Amino acid sequence: MNCFDCTQERKSVPAVAVCCHCGTGICAEHLVLRTEEVHHDMGTGPSWGKRSARRATCPTCNGAEQENPAT
């Protein structure tokens, strides 16, 4: 699989990840990788995991996440 964004630029670059939102292939240049705490719905016990998880997104989905919602 090739990077979707690179394909739009008429380049053929292998993808190193898949966007967790839209499923497009992402190369290392376009990859937005974050770590975040994992929330678990539990009774009265701890609700956050002990370790953080990785999340890979493409630039488009990352930009959509960063936008402020309309008020």
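For the reader, a short list of remarks on this structure follows.
- Remark: the Gln66-Ser12 segment gains 16.6 nm on full extension, using 0.36 nm per residue and subtracting the alpha carbon distance.
- Residues Arg55, Arg34, ordered by accessible area of protein heavy atoms at a 1.4 angstrom probe radius and largest first, appear as Arg34, Arg55.
- Chain lengthening between Cys20 and Arg55 when straightened (0.36 nm per residue, less Cα-Cα): 11.9 nm
- For the pair Met1 and His39, a Förster radius of 35 Å applied to the C-beta separation gives a FRET efficiency near 0.70, rounded to the nearest 0.05.
- Solvent-accessible surface (1.4 Å probe) assigned to His39 amounts to roughly 100 Å².
The values are calculated or read from the model by the stated rules, or taken from the named source; none is laboratory data. Predicted model only: the values in this text are computed from it and were never measured. All Cβ positions, even for glycine, are placed from backbone atoms using ideal geometry, and neighbour counts span all protein chains on display. Note: areas computed on protein heavy atoms with side chains; ligands, DNA, RNA excluded. Shrake-Rupley method; radii C 1.70, N 1.55, O 1.52, S 1.80 Å.
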